[in-house]
1. If we scan the stretch 39-52, do we find a residue that is assigned to a helix (DSSP H, G or I), more than 12 Å from the chain's Cα centre (by Cα) and loosely packed, with under 13 Cβ neighbours inside 10 Å?
2. Can you tell which of 13, 29 is in contact (Cβ under 8 Å) with a residue 40 or more places away in the chain and in a helix (DSSP H, G or I)?
Amino acid sequence: MNKREIMKKAVALAKTMVGDWVARMALALKTVWVEVKKMGEKVLPALKGTEKQVAWANDIRNKLIPIVEKNVDMFIAKLENAEFFE
């Protein structure tokens with residue numbers, strides 16, 4: 001599921017809720033992201049190139065994916081605490 005599909009699903013879910021739009025959208029996005037995370041292991045596209053290029057790209061992936069996931073979790077936590085809306 002790509003970001004566009006996630007947003008479409010979140011907007012559709014938020015439209016079924018009652019209350020402030022920002023709060024509904026935040027809750028809908030959180031709900032959809034939980035579903036996406038439960039879908040399992042992330043499928044990354046196959047890499048093309050020389051053996052050295054593929055090894056280098058895999059090394060970068062293995063180092064950066066945990067960092068990005070940590071930042072996404074921090075962002076979601078800030079949304080839950082409404083730190084962005086103050």
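The values are calculated or read from the model by the stated rules, or taken from the named source; none is laboratory data. None of the values given here were measured: they were computed from a predicted structure. All Cβ positions, even for glycine, are placed from backbone atoms using ideal geometry, and neighbour counts span all protein chains on display.
1. There is at least one residue in the stretch 39-52 that is assigned to a helix (DSSP H, G or I), more than 12 Å from the chain's Cα centre (by Cα) and loosely packed, with under 13 Cβ neighbours inside 10 Å.
2. Testing whether each residue is in contact (Cβ under 8 Å) with a residue 40 or more places away in the chain and in a helix (DSSP H, G or I) leaves just 29.
Residues checked against (1) among the small types (Gly, Ala, Ser); (2) not assigned by TED's automatic domain parsing to the domain that holds residue 5:
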position: 19; (1), (2): yes, no
position: 29; (1), (2): no, no
position: 64; (1), (2): no, yes
position: 71; (1), (2): no, yes
